[in-house]
Amino acid sequence: MAMPREWKKSSRDKFRLSIHRNGDVAVNATPLTSDVDGGDVSDEELSTSKLRKRQQCAIDLKDVSAEMWLITKLAMQLLWAFRVSSKWIIMLLRLLMFVLFLLPAFLRVFYFWLCSPRVLKNIRYGPRGRNLLDIYLVPHPRKKQPVVVFLSGGAWIIGYKAWGALMGRVLSAYGILVVMPDYRNFPQGLLPDMMQDVNVAMQWVFDNVHTFGGDPNNVTWIGQSAGAHIGACVLIEAVENPSFAAWQPSRLRNFIGISGPYNIHESMEVFHAHGLDRQVFAAIMDHNVLKYSPTDRMTNLPKATAALFPSMHLFHGTADRTVPWTSSQSFVDALVGVGIDAHIKFYTGKTHTDPIIEDPIQGDDPLLSDILAIIRRSSPAESPQPRPDHLQFRPPGAMLPAMLVHAARRVNPF
């Protein structure tokens, strides 16, 4: 059920949105800046705008601090769960080195996420912990913008909605409204909890995205790594069990899976070799690996259900050591076997994170061109299209020297 909405308007702000749940104000969305209004701005209004921006940054920083405290408490539980394996210590050290090498670029993206008036943060979509989402607004909005819902990865453990901020920044600049839901991670929740969170978030998107200028009939769902796995599980569950979701998977224009672990039996052994112990992995999957293995689930679906799925697009790097490319290949084979419209593309020599982190930072982003092409082809005729020159798009130069990106690739634990 859609939440009641109330719009307020002022001379300076294009819109200020208050979303209420059970009579309580849940969030006040950050106002859009004057580049949307297109009107003249006085010195007094400009000064007020700068003050409001600083205040908003302070509020957002406080919210981030509260979330970090929650993550710290959960990390203590996680460390206890990981006591059965020592490999994770090495992987953690490699992760810290990876972040250190790319830190200047990460800080630039973090500043955009924290302080940009185009990023509406911590909008509540459900009653559970971490049931919050961020929305990346289009700089010069028109009616019925294409919508992307991006579900981040993180091995079901360290996922966070801000991990996709770089993608949100770029996609929104190209005329696409981006929604990034957070969801409970292990040990705060098991896979059924994650699926339920995502299910509720998708319902919220269909019910509310139009109030932000998005087109609820032109929604593309993108999942990366664990996010792709959770997304695939939600789609299959919604098709097999209609009572699971109030929304229909066929309402989606596309599902795009990036480096997803769809064969959980295979992934369990690979993740174990990387330090995620089998016992912890099985616990994350609620000790029901077969049920939460999308490739296995697809083999049992009747062909009559094919029309209930959106168009499926899978992308994978051939040098991915965390989730082998065969995971996407076997899943697309299962999808096609049922009669679903499914496509796959491999990026030669790319690792697990290259398409979403290293490539954009280095100034090369073939994945973005592919995503924009898919959205453009599938958008309804009356919907505003992404910029027609998207196939020639490249970020404006590298964010870091190639030497640092290369060093980060060498220590990347993923």
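The values are calculated or read from the model by the stated rules, or taken from the named source; none is laboratory data. Since the structure is predicted, the reported quantities are computational estimates derived from the model, not experimental observations. Glycine also receives a Cβ, built like all others from the backbone with ideal geometry; neighbour counts cover every protein chain displayed.
Here A373 clears all of (1) part of a helix (DSSP H, G or I); (2) crowded, with 21+ Cβ neighbours inside 10 Å except the condition numbered (2). All conditions in (1) within 20 Å of D370 (Cβ to Cβ); (2) in a strand (DSSP E or B) hold for A228, with the sole exception of (2).
Considering segment 169-202 alone, what residues qualify as being in a helix (DSSP H, G or I) and modelled with pLDDT of 95 or more? Break it down stepwise before answering.
Within segment 169-202, the subset in a helix (DSSP H, G or I) is 169-173, 191-202.
Result: L191, P192, D193, M194, M195, Q196, D197, V198, N199, V200, A201, M202.
Of all the listed residues (R124, R118, R130, R169), the sole one being on the phi > 0 side of the Ramachandran plot and either without any contact (Cβ under 8 Å) to a residue 60 or more places away in the chain or under 19 Å from the mean Cα position of the chain (by Cα) (or both) is R130. Quick check on segment 346-361. Is at least one of its residues hydrophobic (A, V, I, L, M, F, W, C), closer than 20 Å to I256 by Cβ, surrounded by 20 or more Cβ atoms within 10 Å (Cβ to Cβ) and at pLDDT below 95? Scanning segment 346-361 turns up at least one residue that is hydrophobic (A, V, I, L, M, F, W, C), closer than 20 Å to I256 by Cβ, surrounded by 20 or more Cβ atoms within 10 Å (Cβ to Cβ) and at pLDDT below 95.
Looking at segment 237-249, can you tell me whether even one residue there is among the hydroxyl-bearing types (S, T, Y) and either surrounded by fewer than 20 Cβ atoms within 10 Å (Cβ to Cβ) or free of Cβ contacts under 8 Å to residues at least 40 places away in the same chain (or both)? Write out each step before concluding.
Step one: of segment 237-249, the residues among the hydroxyl-bearing types (S, T, Y) are 243.
Now narrow it down to the ones that are either surrounded by fewer than 20 Cβ atoms within 10 Å (Cβ to Cβ) or free of Cβ contacts under 8 Å to residues at least 40 places away in the same chain (or both): 243.
Yes.
If you scan segment 275-315, which residues turn out to be under 30 Å from V219 (Cα atoms) and of a type in the set (V, I, T)? Listed by number, the residues that qualify are I284, V289, T295, T299, T305. Residue check: F271 meets all listed conditions (1) surrounded by 16 or more Cβ atoms within 10 Å (Cβ to Cβ); (2) in a loop (DSSP other than H, G, I, E, B); (3) not β-branched (V, I, T) but one, namely (2).
Residue pairs whose Cβ atoms lie under 6 Å apart, sitting 6 or more positions apart in sequence or on different chains, and linking a residue in segment 319-334 that is surrounded by 22 or more Cβ atoms within 10 Å (Cβ to Cβ) and in a helix (DSSP H, G or I) to a partner that is modelled with pLDDT of 95 or more and among the hydroxyl-bearing types (S, T, Y), are S327/Y262; F331/Y262; F331/T295.
Checked against the criterion of being over 30 Å from Q362 (Cα atoms) and β-branched (V, I, T), the candidates T318, T322, T305 yield just one match: T305.
Would you point out the residue of segment 166-202, among those that are of a type in the set (D, E, K, R) and over 16 Å from P141 (Cβ atoms), that is surrounded by the fewest Cβ atoms within 10 Å (Cβ to Cβ)? Write out each step before concluding.
Taking segment 166-202 as the starting set, the residues that turn out to be of a type in the set (D, E, K, R) are 169, 182, 184, 193, 197.
From what's left, over 16 Å from P141 (Cβ atoms): 182, 184, 193, 197.
On the way: D182: 24, R184: 20, D193: 18, D197: 24.
Only one residue fits best here, namely D193.
Residues in segment 134-165 that are of a type in the set (A, V, I, L, M), buried (at least 23 other Cβ atoms within 10 Å of the Cβ) and not in a loop (DSSP other than H, G, I, E, B): I135, V147, V148, V149, L151, A165.
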